[in-house]
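S.K.: I'd like to ask you about the structure that follows.
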Amino acid sequence: MKLYLFKKNVFNCKHATLLSLKNEEGKISFIEKIKLHYHLLYCKYCKRFIKQSAVINKAGNDTAESLFTNPSHLLSAKTKENIQRRIDTTGQ
Amino acid sequence: MNEEILQPQNWLNNYGDYLYSVAFIKVNNKEAAEDLVQDTFFSAFKAREQFRHGSSERTWLTAILKNKIIDHYRKNDVLKDVTGYLSQTESGFTRHFFEEDNGHWLDNALPTAWKEMADAKINKNDFNKIMQYCISKMPPKLVPVFIARFLDDEDSATICKDFNITSSNYWVIIHRAKVLIRSCLEKNWFLA
C-alpha cells in the first residue's frame, strides 16, 4: 500500500509539474525535490515542460519590458484629449 | 544640481500608452483601463510632493498604477473566494490535461518539442502578441497572480499579501496558469 501511494505520488505528472514550479522559485522542500528528481529520470515530457516554463518566464519579462518602447495598446486621440484637458485644469 | 523633476504636463505623452497597455493586459477591458490611467495621473499629481529625488518618473507612475489595479481587482471581486473557485474548477482543469486517476499527461496534452525556439528568428513582437492573447483567454481569477509573477517579476510573498491569498492557493494558481499558457502558446505559436 505504501509503495502504491509512493508510486502514485511520484509518477504523477500533474504533481511533478507543480513541484517543478516550486523548484523554479526555490521554494521546494527536500522530500519534494527528491520526488521531482526521481520523476524526471523517467519522464521526458515533464522535463520538456520545465524547459518551456523557463522560455515562458523569459518571454514574460520581455513582454513587460517591451510595453514601454512598444505599447501593445494605444489610447485613442479623443481619450488623450479628455485626459489632457482634465490634467490641465487640475494643474492650474 | 541635477534633480529629477516631475513633468506632469508631459506624462500623458511620455507614459500614457505604456500605462494604458499595462492596465489593459491586467484588466482586459478598455474603459476600465482608460479610467485606471486617468486615475493614476490624478493621484500622482496630487501626491507629487512625495516624489523622491533620484527615483524615476516611470517607476513611480507604474507603482501608483499597480495599486490602482489591486483596488480594481478588489472592487470587482476578481479574487473573491479563490479557494472555492479553485476547488470547483479542479476536476475541469485536470480533465483537460491529465488523467484523473494517476495524473499522467493526456495523450493530446503531452508537451511537444518547441523546435522553432532554437533558431533565433522568432519575431518578438508577434510572440508578445500571442502571449497577450493567451493571457486574455485565461480564467480571470488566474490572471492577476500570473501577471504579477511572470510579467512584473514579483515574489510569491508579495503576491500572496497583495491579493490576500494563501500560499497553497498561490501554487495551484501558478501551476494552472503555467499549464494553460504553455498549451496556448504551443497551439498558437509553435504549431502555427
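All of the numbers you see were taken from the coordinates with simple rules; none came from a lab. Since we're looking at a predicted model, the values are computed, not measured. Glycine gets a Cβ as well: all are built from the backbone with ideal geometry, and neighbour counts include every protein chain shown.
S.K.: What nm distance separates the two modelled labels at B:ASN164 and B:THR112, each placed 7 Å from Cα along Cα→Cβ?
M.R.: Modelled inter-label distance: 4.4 nm.
S.K.: On to the next question. Let me know the volume per residue of the alpha-carbon convex hull for segment B:41-83, in Å³.
M.R.: 84 Å³
S.K.: Right, next: To the nearest 20 Debye, how big is the dipole of the protein assembly as shown about its Cα centre, given +1 on the beta carbon of each Lys and Arg and -1 on that of each Asp and Glu?
M.R.: For this selection, approximately 880 debye.
S.K.: In terms of modelled amide H atoms, which long-range or inter-chain residues lie less than 5 Å from the amide H of B:PHE98?
M.R.: B:LEU106
S.K.: Distance cut-off 25 Å, Cα to Cα: go down the list A:LYS58/B:LYS30; A:LYS58/B:LYS141; A:LYS14/B:LYS137; A:LYS51/B:LYS161; A:LYS44/B:LYS115 and report the pairs above it.
M.R.: Flagged as over cut-off: A:LYS58/B:LYS30; A:LYS51/B:LYS161.
S.K.: Now for a different question. Could you pull out the GluC sites (Glu not before Pro) across segment B:1-105 that fall in loop regions by DSSP (anything but H, G, I, E, B) with no more than 14 other Cβ atoms inside 10 Å?
M.R.: Answer in residue order: B:GLU3, B:GLU4, B:GLU100.
S.K.: Sticking with this one: Which of B:ILE165, B:ILE5 comes first, and how do the rest follow, when ranked by fewest Cβ neighbours within 10 Å?
M.R.: Ranking B:ILE165, B:ILE5 by Cβ neighbours within 10 Å, fewest first, gives B:ILE5, B:ILE165.
S.K.: Mind listing the lone cysteines of chain B, meaning no other Cys beta-carbon sits under 4.7 Å from theirs?
M.R.: Cysteines lacking a close Cβ partner in chain B: B:CYS160.
S.K.: Restricting to DSSP loop positions (anything but H, G, I, E, B) with no more than 10 other Cβ atoms inside 10 Å of their own Cβ, which trypsin sites (Lys or Arg not before Pro) remain in segment B:103-192?
M.R.: Filter output for segment B:103-192: B:LYS121.
S.K.: Which shape class applies to segment B:15-136: rounded if a/c is under 1.5, otherwise prolate when a/b exceeds b/c and oblate if not, where a ≥ b ≥ c are the square roots of the Cα gyration tensor eigenvalues?
M.R.: oblate
S.K.: While we're looking at this one, here's another question. Evaluate segment A:2-90: find the radius of gyration of its Cα atoms, find its Kirkwood radius, and give the ratio Rg to Rh.
M.R.: Here Rg/Rh amounts to 1.37.
S.K.: Another one. For segment B:2-75, just say rounded, prolate or oblate: build the C-alpha gyration tensor, square-root its eigenvalues into a ≥ b ≥ c, call rounded for a/c under 1.5, and beyond that prolate if a/b exceeds b/c, oblate if not.
M.R.: Here segment B:2-75 falls in the prolate category.
S.K.: Name the long-range amide H neighbours of B:ALA113: under 5 Å, sequence gap of 5 or more, or other chain; modelled H, no Pro or chain starts.
M.R.: Residues meeting the amide H criterion: none.
S.K.: Just to check, using Stokes-Einstein with a Kirkwood Rh over alpha carbon pairs, what's the diffusion coefficient of the protein assembly as shown at 25 °C and 0.890 mPa s in µm²/s?
M.R.: Taking Rh from Cα pairs, D becomes 118 µm²/s.
S.K.: Turning to a different aspect of this structure: Starting from the 7 Å offset along Cα-to-Cβ, what nm value, one decimal, do you get for the label separation of A:TYR38 and B:GLN88?
M.R.: Label at A:TYR38, label at B:GLN88, 3.7 nm between them.
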